[in-house]
Structures are given as C-alpha cells and as structure tokens.
1. Round to the nearest 10 and give me the degree value, 0 to 90, for the angle of helix 115-132's Cα axis relative to the longest principal axis of the chain.
2. Can you compute 3J(HN,Hα) from phi for each residue in segment 65-70, using the Karplus curve 6.51 cos²θ - 1.76 cosθ + 1.60 with θ = phi - 60°, rounded to whole Hz and x for Gly and Pro?
3. Starting from the Kirkwood radius over alpha-carbon pairs of segment 90-132, derive D by Stokes-Einstein at 20 °C in a medium of 1.002 mPa s and give it in µm² s⁻¹.
4. Kindly provide log₁₀ I(q)/I(0) values, in the same order as q = 0.09, 0.11, 0.17 Å⁻¹, from the Debye equation applied to equal alpha-carbon scatterers of the chain.
5. Given an 8 Å cut-off on Cα distances and at least 6 residues of separation, report the relative contact order of the chain as a percent.
6. What nm distance separates the two modelled labels at Glu82 and Asn133, each placed 7 Å from Cα along Cα→Cβ?
7. How many angstrom separate the Cα center of segment 63-133 from the Cα center of segment 7-47?
8. Helix 92-108 against the longest principal axis of the chain: what's the angle in degrees, Cα atoms only, rounded to the nearest 10?
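Values in this text are rule-based calculations from the coordinates and carry no lab data. Given the structure is predicted, the values throughout are model-derived calculations rather than measurements. Positions of Cβ are generated from backbone atoms using ideal geometry, with glycine treated the same way; all protein chains shown enter the neighbour counts.
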Amino acid sequence: MAQNLKLEVVTPEKAVINEEVQIVVAPGSLGEFGILAGHTPFLSTLKTGVLRYKDTGGSEHFIFVSSGFAEALPDKVTILAESAERRRDIDVERAKSALERARKRLEKKKEDMDFIRARAALERAIHRMNIVN
Ligand code: ATP
C-alpha cells in the first residue's frame with residue numbers, strides 16, 4: 001500500500017487542516033504540482049487557487065488558498081496561505097458579493113482604482129465560487 005503524508009494548511013488566523021493524506025496537488029506560482037510521500041524536499045510560492053488532496057480513504061477534497069508558500073518534506077506538506085477555506089467553510093453569498101464588488105470596480109475604470117487589488121479580489125471570489133459549484 002502507498003505511504004501517506006501529513007498535510008497541514010495554516011493561515012495567520014487559523015489552522016485549516018492537519019491530516020494524513022495520500023497526495024496533495026497545489027497551485028504553485030509556476031504551475032500546479034503534486035506531492036506524494038517520499039518527495040524530495042522543496043519550497044514553492046503559491047498563487048491563489050485550489051489545493052486538492054486525497055484523504056487516506058481515497059476521497060478527493062478541495063481547499064481554497066490565497067497565495068502563500070508550500071514546504072514539502074518527504075513525510076509532510078505545510079501550506080502557509082494568506083487565507084484558506086475548506087469547501088464546506090466557503091460562504092457562497094459572501095463570495096458572490098465580493099465578485100460583484102470587484103467586477104463593478106473593474107468596469108468603472110476609475111483613475112484612482114487599484115487595478116491589481118481589484119483583480120486579485122476578483123480572482124479570489126472566482127476560485128471560491130468554482131470550488132463550491
Ligand atoms: P471579502 O471581501 O469578502 O472579505 P476577501 O477575498 O477580501 O473577501 P480574504 O482577505 O481572502 O477575503 O480573507 C479574509 C478572511 O475572510 C479570511 O479568514 C478568509 O478565510 C475569510 N473569507 C473571505 N471570504 C470568504 C468566504 N466567501 N467564505 C468563507 N470565508 C471567507
């Protein structure tokens with residue numbers, strides 16, 4: 001039987017998960033990467049997106065992560081994200097409102113609008129909605 005590894009996801013506010021998993025697939029800044037037990041140690045930055053993992057029973061789970069870092073050791077993956085939520089913890093109405101706010105801001109194209117910030121908020125909302133839908 002394949003070996004498992006520990007997955008820990010934390011944000012400055014909370015511990016999101018800490019459990020044994022079979023595989024982790026994370027949204028690296030340079031593209032998605034998968035980690036299995038026994039992987040060579042490495043560090044990577046993450047972009048906002050969806051982290052997937054298979055639990056020890058083989059069920060797939062999705063976690064929203066808003067940028068951060070991943071540290072992979074042979075028996076453990078640690079994700080430090082600015083914000084992170086399990087699928088069941090995502091508030092759909094809140095994500096919808098954030099999406100609308102960001103869209104309106106981007107459509108108005110006001111001179112004092114912070115494009116990068118509005119774009120990042122839009123991306124976070126879209127990924128949250130995608131996980132739930
Ligand atoms: P909002 O504008 O609604 O605050 P945001 O994308 O700016 O959204 P973040 O800065 O990513 O929010 O996160 C701030 C905190 O709120 C974090 O603890 C994050 O987990 C939580 N959070 C944000 N949006 C949601 C959501 N739709 N469902 C559950 N938790 C959320």
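1. With rounding to tens, the tilt is 50 degrees.
2. 10, 10, 6, x, 9, 10
3. Numbers: Rh = 10.4 Å.
Reported coefficient: 207 µm²/s.
4. With one equal scatterer per Cα and no solvent, log10 I(q)/I(0) is -0.29, -0.42, -0.87.
5. Numbers: 284 pairs, mean separation 29.5, N = 133.
Reported as a whole number, the value is 22 percent.
6. 2.3 nm
7. If you average the Cα positions of each part, the centres end up 17 Å apart.
8. 50 degrees
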